[in-house]
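Since the structure comes first, as structure tokens, the remarks are kept for the end.
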Amino acid sequence: MAGSTRVCGMSEVLAAAQAGLWRRAGRRLASARGTRLALTVLILIALLAVIGPWFSPWAFDQLDWQHLAVPPGHVAAHWLGTDRLGRDLFVRTLYGVRLSLLISVLASLVSLVIGVAWGAVAGFAGGRTDEWMMRFVDVLYSLPYLFIVIILTTLFQRGSIGVLLIAIGAVGWLTTARIVRGETLALKRREFIEAARATGLTPAAILGRHIVPNLLGPVAVYATLTIPQMIIFESFLSFLGLGVQEPHASLGNLINVGAQEMQSAPWMLLVPALFLVTLLVCLNLLGDGLRDALDPRER
Amino acid sequence: MLRYALRRLGGLIPTLLVIVTVSFCIVRLAPGGPFDQEQTLTPAVRANLDHLYGLDQPLAAQYLHYLGGLLHGDFGPSLSQRDFTVTELIGQGLPVSITVGLLAILLALVIGIPAGIAAATWRNQGADHGLTLFAALAVALPSFVTGPLFALVFGLALHWLPVAGWERGAPRYLVLPVLTLALPVAAYLARLTRASLLEVLRSPWIRSARARGLGGTRVLWRHALRPALLPAVSYLGPALAYVVTGSLVVETVFGLPGTGRYLVQGAIDRDYPLVMGMIVVYGALLLLFNLIADLLYGWLDPRVRHE
């Protein structure tokens, strides 16, 4: 029993050290001006995407036959203009932002869950299991993965958001699995895992209660960095006409239509492009800031 | 070294086989068939069509037949453009795609690496800050945003360059597609080179070279540059993968007659041989390029000399 109280004491010390790490990281994060600005803009855009459409009298698929392809600022009701069918671009773009954010966050979660499970099991099991599981990841890495995603989304129900999510998440987990496996290998040699094993916990319980919770820090950082990639992914597929379908709006298919109409209605390209660019730049800045804040070498 | 390269080349064959098998399964498991669009087909005609293309045979037999064809370099007939074989279709488009892709990678190397070196040399000065900011922006922007914007600005507004088209590869028509593809790769290369050069310049052997009295330029070119280029070299594989997928977008935006359109259109039409052919060709290209990057890495870094 003495052993287990000592283990408790140690894990408290560890927890305190970790809290210190996070607090320091938070302070560094808050002191970086660029990161703070990026976070503010991101929150503003997200808020705008959620509540903005309510302030406009138009629905995202509502046609206004009086105002076809009106540039921004010409008609009071359409703040950012309309498209060729007279649909309000402000509302459509914000719907697109909403959908892009939703899909990318969900896809990141999907890839996170698969990646953590796969990597933790491989790293913890070790030996031949580890070898085969990671070889599988290597083989998947060598596939032209975007091709596979394109084919998956095309062949199975084009435009279904569920298929889109699975396809994007299914290729996103490979890097997570590698990172998690590496962390697990380091973790499983630590004393508290040995102690847990000595107290008779089953491997599954050790994985669930001691390994996975300790992995969440590095994984959370990596997840922030994957969100912009997922946004690009989703927009890319929608741009090619394989993702979100009309009349629904995503930033990708808005840009696609805008690119076709740019000769006569350049704002149809510029409005969604501006939102996408801002979103991506801010997310990247935030991710870089997070990584710098948590990277001890930068201290 | 040569023997090692040959062994690695042989090692690509099982991977390629996995790619072929996995994509064959995915393509064939999907619902629908290549002749669903043609409503006027009578059952007899349809059965004949299926028989002609071997689609009435068991999947395993079709798979073996496809593999046998691949060994002879035969990708089979196209099911949607029936006057052509897949080999002909890809053969027509591939030179266009490869020209644009390789030019983009070359341009990215020529711009990105010197820019990174310059930024590291004049660290924390105006040029460095400007470059870092520009690179952050260029890396963040996907080609389906920059492509149309370039066409809008340089084509429609300024009339400097044609908005779209190919005209048998006339340089004027190449500028915008190549630039669109190269920009993010160049920016990423610049960032990588800057970061790794700064790290190398802090290392002990550079300090000892300086202590021996070598000047800054000589230290940079003779001692620091080669190890500093390693991350850029290992990025070449992913860069090609980026250019390949980016070419799907760029070829759509600028109306180039490359192979990009075959993948999406082929998948929509359920043109099995065409989709498979695209995957096999591009999969092999990616594997080959990764291998070249690996070998180059070994050549540049004596610590990982392959035996």
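The values are calculated or read from the model by the stated rules, or taken from the named source; none is laboratory data. Small disclaimer: the values here were computed from a predicted structure and weren't measured. Here the Cβ is made from the backbone with ideal geometry for all residues, glycine too, and neighbour counts use every protein chain on show. Note: areas computed on protein heavy atoms with side chains; ligands, DNA, RNA excluded. Shrake-Rupley method; radii C 1.70, N 1.55, O 1.52, S 1.80 Å.
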Based on the inverse mean of 1/r over its pairs of different Cα atoms, what is the Kirkwood hydrodynamic radius of chain A, in Å?
-> 21.7 Å
Please give the length that would be gained between B:Glu88 and B:Tyr4 if that part of the chain were fully extended, namely 0.36 nm times their separation in residues minus their C-alpha to C-alpha distance (nm, one decimal).
-> 26.8 nm
Could you work out the relative contact order of chain B, using alpha carbon pairs under 8 angstrom and six or more residues apart, expressed as a whole percent?
-> 27 percent
Is the shape of chain B rounded, prolate or oblate, going by the alpha carbon gyration tensor and its root eigenvalues a ≥ b ≥ c, with a/c under 1.5 for rounded and a/b larger than b/c for prolate?
-> oblate
What is the dipole size for chain B, taken about its Cα centre, with +1 at each Lys and Arg Cβ and -1 at each Asp and Glu Cβ, in debye to the nearest 20?
-> 1940 debye
Separation of the A:Ala76 and A:Arg128 label points, Cα + 7 Å toward Cβ, nm = 7.8 nm
For B:Leu9, the net charge from surrounding residues (Cβ-Cβ under 13 Å; K, R +1; D, E -1) works out to +2
Where the Cα pairs of segment B:86-232 fall when distances are cut into 10 Å bins, in % = 11, 30, 28, 18, 10, 3, 0
Let me know the shape class of segment B:250-298, please: from the alpha-carbon gyration tensor, a ≥ b ≥ c as square roots of the eigenvalues, rounded when a/c is under 1.5, otherwise prolate if a/b is greater than b/c, or oblate.
-> oblate
Along its principal axes, what span do the Cα atoms of segment A:62-202 show, with the longest given first and each in whole Å?
-> 75, 33, 20
Reciprocal mean inverse distance between Cα atoms of segment A:210-299 - Kirkwood radius, Å = 15.0 Å
Compactness of the protein assembly as shown as Cα Rg over 2.2 N^0.38 Å, two decimals | 1.06
Vicinal HN-Hα couplings computed from phi for segment B:88-98 (Karplus, 6.51 cos²θ - 1.76 cosθ + 1.60; Hz; Gly/Pro x) = 5, 4, 5, x, 6, x, 4, x, 4, 4, 5
Partner chain Cβ atoms within 10 Å, averaged over the residues of B:144-157 - can you pull that number for me?
-> 5
Summarise the partner chain shielding of B:132-143 as one whole number: the mean count of Cβ atoms from other chains within 10 Å of each residue's Cβ.
-> 4
Restricting segment B:78-170 to chymotrypsin sites (Phe, Trp or Tyr not before Pro) in coil, as DSSP defines it, with at most 13 other Cβ within 10 Å = B:Trp122, B:Trp160
Area hidden from solvent between B and A (accessible, protein heavy atoms only, 1.4 Å, total, Å²) | 3200 Å²
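Please compute, over every Cα-Cα pair in segment A:95-147, the percentage with a separation greater than 19 angstrom.
Details: 642 of 1378 pairs.
For segment A:95-147, the share of Cα pairs beyond 19 Å comes to 47 percent.
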Relative to the longest principal Cα axis of chain B, at what angle does helix B:126-140 sit, 0 to 90 degrees, rounded to 10?
-> 20 degrees
What value, in deg cm²/dmol to 500, does the helix sum -39500 (n - 2.57) over DSSP H runs of n ≥ 4 give at 222 nm once divided by the residues of the protein assembly as shown?
-> -24500 deg cm²/dmol
Can you work out the FRET efficiency for the pair B:Arg28 and A:Gln260, with r the C-beta to C-beta distance and R0 = 22 Å, to the nearest 0.05?
-> 0.05
With +1 on each Lys and Arg Cβ and -1 on each Asp and Glu Cβ, and nothing else charged, work out how big the dipole of the protein assembly as shown is about its Cα centre, in Debye to the nearest 20.
-> 2860 debye
Go through A:Leu251, A:Ala120, A:Val137 and say which Cα lies farthest out towards the positive end of the charge dipole of segment A:103-256; charges sit on Cβ, +1 for Lys and Arg, -1 for Asp and Glu.
-> A:Ala120
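Given Cα pairs under 8 Å that are at least 6 residues apart, what percent is the relative contact order of segment B:215-307?
Relative contact order for segment B:215-307 comes out at 35 percent.
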Peptide A:229-241: average number of partner chain Cβ atoms within 10 Å per residue?
-> 3
Hey, rough spin-label estimate for A:Arg291 and A:Phe55, points 7 angstrom out along Cα→Cβ, what's it come to in nanometres?
-> 3.5 nm
Per residue, how much accessible area does segment B:94-304 have with a 1.4 Å probe, in Å²?
-> 44 Å²
For chain A, calculate the relative contact order in percent as a whole number, restricting contacts to Cα pairs under 8 Å that are 6 or more residues apart.
-> 24 percent
At R0 = 22 Å the Cβ-Cβ FRET efficiency linking B:Leu41 and B:Arg261, nearest 0.05, sits at 0.30
